[in-house]
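Take a look at the structure below.
The values are calculated or read from the model by the stated rules, or taken from the named source; none is laboratory data. Predicted, not measured: the structure shown is a model, and the values here were computed from it. Here Cβ is always computed from backbone atoms with ideal geometry, including for glycine, and neighbour counts include all displayed protein chains. For the accessible areas, the whole protein counts, side chains as well, though only heavy atoms, and no ligand, DNA or RNA atoms are used. Shrake-Rupley method; radii C 1.70, N 1.55, O 1.52, S 1.80 Å.
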Amino acid sequence: MEFLSALTPLFFGLVGFGVVVGIIFGAIPGMTATMAVAVCLPMTYGLDLTNGLALLLGLYVGGISGGLVPAILLNIPGTPSSITTTFDGYPMTQKGEGERALKTGIASSLFGGLLSALVLFLFAPTLADFAIKFSYIEKFLIILFALTVIASLSKRLLLGIFSGVLGVWLSLIGAYDVSVGGNGEYRLMFGFMEPYLESGFSLLPVLIGLFGLATIFQEAEAGIREEVAGDLKLEAGKPFSFAVFRGQIVNLFRSSAIGTFVGMLPGVGGSAASVLSYTQQKNFSKDPSKLGKGAPEGVIASESANNGLTGGALIPLLSLGIPGDSTTAVLIGAFTLQGIQLGPLFIGENLATWDTMMVALVFANLVMFAVMFFAIRHIVKVITIPKYLLYPGIIMMCVVGAYAINYGIMFDVWTLLLFGILGYLGQKVGLEIAPLIIGFILGQQAEVYFVKSLESFGTLSIFFTKSPIAMFLWVLIGISVAYSIFGLIKARQRDRDHGPDQ
Amino acid sequence: MNIMKSGLLAALVATAGIASSQALAEDMPIGGNVRIVIGSKSTGGDTYQNTSIVAKALAEKLDINVKVDAVGASAAFKAIDRLSDGNTIMVFHDQSYLGFLYGRKGYSNPFADYTVGPTVAINPGNAYLVPKSSPYQTIEDIIQACADGKRIRVAIQPGGVSEIGFSALKNAIKIRYPGKEANLVAVNTGSQADKNQLLFDGQADLINGSVQANEQYTRLPADDQKAMRFVWLTARKQTIEQANPEGMGETSREDLLKYVSPNASVTQDGSKDFTFDKEFFFLYNKDMSPEIVAFYDKALGEIFAEGKIQETQKKSFFIPNFKPSSEAQAYLKDKMDQYKVIIESIR
């Protein structure tokens, strides 16, 4: 019970402060949980390890959770892991169910966060041992599995797949980075582009450009009326009640578990978690055609997964000394700055720190829920701001976020604009933005794991025969693809029988 | 009386310290705050950790704000390429010239294109490890295995600090058993997690790691799939000897000394052993005024003379190593020239 002495009012105050600041970071397009933790990391110099971690864990949970606000209200994912929240969250807002969507998302986030904290507390070392069974091959197959969502997200299959492949291609522009074991050579660009594109296009500016800026361009083209928020009404649709979770318990558990599981695999990345759980919900849903059109189950899948990630990503960090995602990679700094090394013996040798971390994580999730759930009534009013005032403000925040993401690289602002234009023009010619961005997010990892698998094993057949885990993943990939094709055939049949509007 | 004397002395020293800080702050040839860009994108790594220690000391000494930005090598070099006002400076380590020697894109000769500033610390932790169940107990076993025609796969991140030990090992095998160096093959990978994973998967026989990141793995029981064993630390013996006696984790300084030259011998040229200390130093714009270079030398010189920073560095397993710019330039240039010979000999 040594850890109880560390649980001071300052400790809880720092968690709460971290959560609130994190939510603000997460809610501003272009600012992420990772950025929140990185910006506040130097503040931990003056704190001891326990209090420093309290602040950073608060920021982490708040930052991941805050991303749902712009995703639902403005169709701009506040963080990469809230992309799939836009798919159903924004349509709900358009139906006048913004508050309902936000509350559903927040409650799902709380569930995902708490479940993953529980898993972390009970099974961290065991799961870390399981995580190291995932070599390059299994990680590649997980990414491939996540990529299968492209098939089910596409409105028109061929165009969707084309958009996905285009996304993968765009992600490969730049150096084949030495930091991932590449040869450092530049690809897919002309010589004059090298000074700008050596690191490729940054994810956040691409994301905000395609989602945020492109939407604003479309609205601008249509002409922004002076009256308030056009056709968006605050409470025109159904109000929130916890009954929204009726029939969604399996979804909640499955998505939180997927988030936790993906989080604990180093290098697979946070966005894959929500993409995977969204795919699975679409596959298992009683009526998959509703997803993407404002179904609360989509928001539940996405948000419980991305908060499930928080506990998951801490598993390899605390059990192996290896960060599970980009935010925990920054979090590791809090330990090194205090001269404490993480590794397989960390938990056993630092039980008090471990226990306080767990308290901070659970408390952060509760504070996140309390702050967001009760502030939602005010937050949701953002959509009542006249668009001619709101949109310039959003553009300004997007530009600031894009500029700040890599500590002041102007090219990131041009990337934002470039992808805004690409998104705007692309949609006119039928390009599908969601598959494109998913291809972009997962493309680099897919390449690295594929190439490294071949370098290590030298044969393609190893992808099928490496391990029972690999075979199991192939079965999941097969089922996912089959579901998508089956769904497509069913939709076509329905269109033939009843006409496309039914 | 004695107490009064020592109190008076302490007050005098403190006053002198404040006076010197004030003098430095007043004579500052730079305007405003300082941004230190580092060659790493990680805020959890040794470059950020070491630079943060130095930045904090500089901020206190000069009474200004000093911000460390983990922008990565390419962006950091670009930043100091552009700005010569001394407000934006860089801290990096031997990677800055090793990247150039290995021909990595984005790297140029730092001695030609930038002004190399003072060194501040060494990270003595660069290490090579095998699985605990490995038949190879020592680095000599690895060399002998290659000599016997066995293929040894070494997981490294190519093009820099992680590769230099591999190059040296290959060079040593070439000197002792010409033609057998081909048996030592690199498995190029990325992060420490990836290197560890290759060892767990049985896809590498030897990995590059560090005392800090891998020490806990060496304390796992032999039947644990994750258990590892140090076979070689590239640091010089006198570097490790300066570490705190408790070493890192449960591995004492005495334990660590078992893995450095001459106990773990990798010849550089047939007569002396190869060693590599990862040293952190400042880099400035080529045209930065000599007055500013001297200013930072003086400020850091005073910080190290006070002796407080050394304690912080050692607590974090860094070895203090302040050398003013001119001394650092000659020293690092010599180091680069030596490694150039090794890298070219195995090309």
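Between B:K237 and B:Y177, take the C-beta separation as r, use R0 = 35 Å, and let me know the FRET efficiency to the nearest 0.05.
Numbers: r = 25 Å, r/R0 = 0.72.
The formula returns an efficiency of 0.90 here.
Order A:435-444, B:152-161, A:41-50, A:488-497 from most to least packed using the mean count of other Cβ atoms within 10 Å. All intermediate terms of the calculation are to be shown ahead of the outcome.
Values: A:435-444: 25.9, B:152-161: 22.3, A:41-50: 17.0, A:488-497: 11.3.
Ranked by mean Cβ neighbours within 10 Å, highest first: A:435-444, B:152-161, A:41-50, A:488-497.
Placing +1 at every Lys and Arg Cβ and -1 at every Asp and Glu Cβ, with all other atoms neutral, what dipole size does chain A have around its Cα centre, in debye to the nearest 20? Please report the intermediate quantities before stating the final value.
Details: 27 positive and 30 negative charges, 282 e Å.
I would put it at about 1360 debye.
Just the number, please: Stokes-Einstein D of chain B in µm²/s, Kirkwood Rh from C-alpha pairs, 4 °C, 1.567 mPa s. Present the calculation step by step, with values, prior to reporting the outcome.
Working: Rh = 21.4 Å.
The diffusion coefficient I find is 61 µm²/s.
Would you mind computing, in nm to one decimal, how far apart the modelled labels at B:N263 and A:K293 are, each placed 7 Å from Cα along Cα→Cβ?
In this crude spin-label approximation the distance works out to 7.2 nm.
Averaged over peptide B:186-192, how many Cβ atoms belonging to another chain are found within 10 Å of each residue's Cβ? Can you show the working numbers first?
Numbers: counts 0, 4, 7, 9, 9, 8, 4.
Mean shielding count: 6.
Taking amide H positions as placed 1.01 Å from N in the peptide plane, with prolines and chain starts having none, which residues 5 or more places from B:T88, or on another chain, fall under 5 Å of its amide H?
It is B:R35, by chain and number.
Which far-off residues, 5 or more places away or on another chain, put their amide H under 5 Å from the one on B:N321, with H placed in the peptide plane?
Under 5 Å from the amide H of B:N321: B:A121, B:I122.
Roughly what % of Cα-Cα distances in the protein assembly as shown sit above 39 Å, to the whole percent?
Values: 146424 of 359976 pairs.
For the protein assembly as shown, the fraction of Cα-Cα distances above 39 Å is 41 percent.
What does the charge add up to near A:L57, with Lys and Arg as +1, Asp and Glu as -1, over the other residues with Cβ less than 15 Å from its Cβ? Don't skip to the answer; put the middle values down first.
Details: positive: none; negative: A:D48, A:D325, A:D355.
With Lys, Arg at +1 and Asp, Glu at -1, the net is -3.
Sorted by mean Cβ packing within 10 Å, highest first, what order do the peptides B:330-338, B:99-107 take? List each step's numbers first, then the result.
Details: B:330-338: 14.8, B:99-107: 19.7.
Listed from highest to lowest mean packing, they are B:99-107, B:330-338.
Apply 1/(1 + (r/R0)^6) to the Cβ-Cβ distance of B:V341 and A:M471, taking R0 = 41 Å, and write down the FRET efficiency to the nearest 0.05.
Efficiency at R0 = 41 Å is approximately 0.25.
With the contact rule set at Cα under 8 Å and sequence spacing of 6 or more, what percent relative contact order holds for chain B?
Details: 630 pairs, mean separation 85.6, N = 347.
Reported relative contact order: 25 percent.
Just checking the output field for B:65-77: average partner chain Cβ neighbours within 10 Å of each residue's Cβ? Intermediate values should be presented prior to the final figure.
Numbers: counts 0, 0, 2, 2, 4, 6, 4, 4, 2, 4, 6, 1, 0.
Average per residue, whole number: 3.
In the protein assembly as shown, with Lys and Arg counted as +1 and Asp and Glu as -1 at Cβ, which of these residues, A:G212, A:M35, A:I142, has the Cα nearest the positive end of the dipole, that is, farthest along it?
A:I142
Pull up the cross-link candidates among the aspartates and glutamates for A:K293, meaning alpha carbon to alpha carbon under 19 Å and not fewer than 8 places away within one chain.
Those aspartates and glutamates meeting the cut-off are A:D88, A:E97, A:E99, A:D231, A:E235, A:E303, A:E432, A:D495, A:D501.
At 18 Å minimum axial length over the Cα atoms and a Kyte-Doolittle cut of -0.5, report the qualifying DSSP H helices in chain B, or say none. Don't skip to the end; give the middle numbers.
Details: long enough: B:2-26 (35 Å, 0.98); B:46-62 (24 Å, -0.21); B:161-176 (23 Å, 0.41); B:290-306 (24 Å, 0.40); B:325-345 (30 Å, -0.72).
Going by DSSP H runs, the hits are B:2-26, B:46-62, B:161-176, B:290-306.
Could you check the spin-label model distance between A:A404 and A:I249? Points 7 Å from the Cα along Cα→Cβ, value in nm.
4.3 nm
If I take every Cα pair under 8 Å that is 6 or more residues apart in segment B:126-257, average their sequence separation and divide by the length, what percent do I get for the relative contact order? Don't jump to the answer; show the numbers that get you there.
Values: 207 pairs, mean separation 46.0, N = 132.
Relative contact order for segment B:126-257 comes out at 35 percent.
Run through the DSSP bridge list for the protein assembly as shown and note the antiparallel percent, rounded to the nearest 5. Working shown, then result.
Values: 26 of 41 bridges.
Antiparallel: roughly 65 percent of the beta bridges in the protein assembly as shown.
Counting only heavy atoms of the protein chains, get the accessible area per residue of chain A (1.4 Å probe) and round it to a whole Å² value. All intermediate terms of the calculation are to be shown ahead of the outcome.
Details: 19180 Å² over 502 residues.
Ligands and nucleic acids excluded, the result is 38 Å² per residue.
Roughly what percent of Cα-Cα pairs across segment B:126-257 reach past 24 Å?
Numbers: 2279 of 8646 pairs.
Of all Cα-Cα pairs in segment B:126-257, 26 percent lie more than 24 Å apart.
Relative contact order for chain A: what is it in percent, counting Cα pairs under 8 Å that are at least 6 residues apart? Display every interim value, and only then the final one.
On the way: 966 pairs, mean separation 139.6, N = 502.
Over chain A, the number comes to 28 percent.
For chain A, list the DSSP H helices whose alpha carbon atoms reach 30 Å or more along the long axis and whose average Kyte-Doolittle value is 0.5 or above? It would help to have the intermediate numbers written out before the result.
On the way: long enough: A:98-131 (42 Å, 1.14); A:296-320 (36 Å, 0.63); A:351-379 (41 Å, 1.66); A:433-457 (35 Å, 1.06); A:468-498 (44 Å, 0.58).
Answer set is A:98-131, A:296-320, A:351-379, A:433-457, A:468-498.
For segment B:126-257, build the charge dipole from Cβ charges (+1 Lys, Arg; -1 Asp, Glu) around the Cα centre, then report which of B:P158, B:M228, B:Q137 sits farthest towards its positive end.
Checked the options; the winner is B:P158.
Using a 7 Å offset from the Cα along the Cα-to-Cβ direction at both B:E250 and B:A112, what is the distance between the two label points in nm, to one decimal?
Computed distance between label sites B:E250 and B:A112 equals 5.1 nm.
Let me know the mean shielding of B:215-226 by other chains, meaning the per-residue number of their Cβ atoms within 10 Å of its Cβ.
Working: counts 4, 10, 5, 1, 4, 3, 0, 0, 0, 2, 3, 7.
The shielding value for this peptide is 3.
Set Lys and Arg Cβ to +1 and Asp and Glu Cβ to -1, take the dipole of chain B about its Cα centre, and tell me which of B:S265, B:M248, B:L199 lies farthest positive.
B:L199
What number comes out for accessible area per residue over segment B:126-257 if the probe is 1.4 Å? Units Å², please. List each step's numbers first, then the result.
Working: 4470 Å² over 132 residues.
So segment B:126-257 comes to 34 Å² accessible per residue, rounded to a whole number.
With n ≥ 4 as the cut-off for DSSP H runs, can you work out [θ] at 222 nm for the protein assembly as shown, using -39500 (n - 2.57) per run divided by the number of residues, rounded to the nearest 500? Kindly include the intermediate steps, with their values, before the conclusion.
Working: 37 runs with 505 residues, N = 849.
After summing the helix terms and dividing by residue count, I get -19000 deg cm²/dmol.
Nothing charged except the Cβ atoms of Lys and Arg (+1) and of Asp and Glu (-1): what's the magnitude of the dipole of segment B:219-260 about its Cα centre? Round to the nearest 20 debye. Mind showing how you got there, number by number?
Numbers: 7 positive and 7 negative charges, 45 e Å.
Roughly 220 debye, rounded to the nearest 20.
Quick one: net charge of B:S265's neighbours, Cβ under 9 Å, K/R +1, D/E -1?
Working: positive: none; negative: B:E140, B:D273.
Taking every Cβ under 9 Å from that of B:S265, the sum is -2.
Give the distance, in whole Å, between the Cα centre of segment A:343-396 and the Cα centre of segment B:120-183.
47 Å
Given a cut-off of 19 Å, name the pairs among B:K278/B:K315; B:K315/B:K335; A:K466/B:K132 whose C-alpha atoms lie farther apart than that in the structure shown. Please list the in-between numbers first.
On the way: B:K278/B:K315 17 Å; B:K315/B:K335 27 Å; A:K466/B:K132 24 Å.
From the list (B:K278/B:K315; B:K315/B:K335; A:K466/B:K132), the Cα-Cα distance tops 19 Å for B:K315/B:K335; A:K466/B:K132.
Cβ under 15 Å from B:Q242's Cβ, B:Q242 left aside: what net charge do those residues give with Lys, Arg +1 and Asp, Glu -1?
Values: positive: B:R236, B:K237, B:R253, B:K278, B:K314, B:K315, B:K323; negative: B:E241, B:E246, B:E254, B:D277, B:E279, B:E311.
Surrounding charge for B:Q242 is +1.
With both partners inside chain B, how many of the DSSP beta bridges are antiparallel, as a percent to the nearest 5? Before the final figure, lay out each step's value.
Details: 24 of 39 bridges.
Within chain B, antiparallel bridges account for around 60 percent of the total.
Once the convex hull of the alpha carbons of chain A is built, what does its volume come to per residue, in cubic angstrom? Don't jump to the answer; show the numbers that get you there.
Details: hull volume 76.4 nm³, N = 502.
It comes to 152 Å³ per residue, whole-number rounded.
What's the extension gain from A:I421 to A:A222 if we count 0.36 nm per residue and subtract their Cα-Cα distance? Can you show the working numbers first?
Details: separation 199, 0.36 × 199 = 71.64 nm, distance 1.54 nm.
Full extension from A:I421 to A:A222 adds 70.1 nm.
If the viscosity is 1.567 mPa s and the temperature 4 °C, what Stokes-Einstein diffusion coefficient in µm²/s follows for segment B:23-138 when Rh is the Kirkwood radius over Cα pairs?
Values: Rh = 16.0 Å.
It comes out at roughly 81 µm²/s.
With charges only on Cβ, +1 for K and R and -1 for D and E, what is the dipole size of segment B:126-257 about its Cα centre, in debye, rounded to 20? Don't skip to the answer; put the middle values down first.
Working: 15 positive and 16 negative charges, 98 e Å.
Using only the charged Cβ atoms, the result is roughly 480 debye.
Go through A:K103/A:K387; A:K95/A:K238; A:K452/B:K195; B:K67/B:K333 and tell me which ones have a Cα-Cα distance over 18 Å in this structure. Please report the intermediate quantities before stating the final value.
Numbers: A:K103/A:K387 24 Å; A:K95/A:K238 9 Å; A:K452/B:K195 12 Å; B:K67/B:K333 28 Å.
Distance filter (> 18 Å) returns A:K103/A:K387; B:K67/B:K333.
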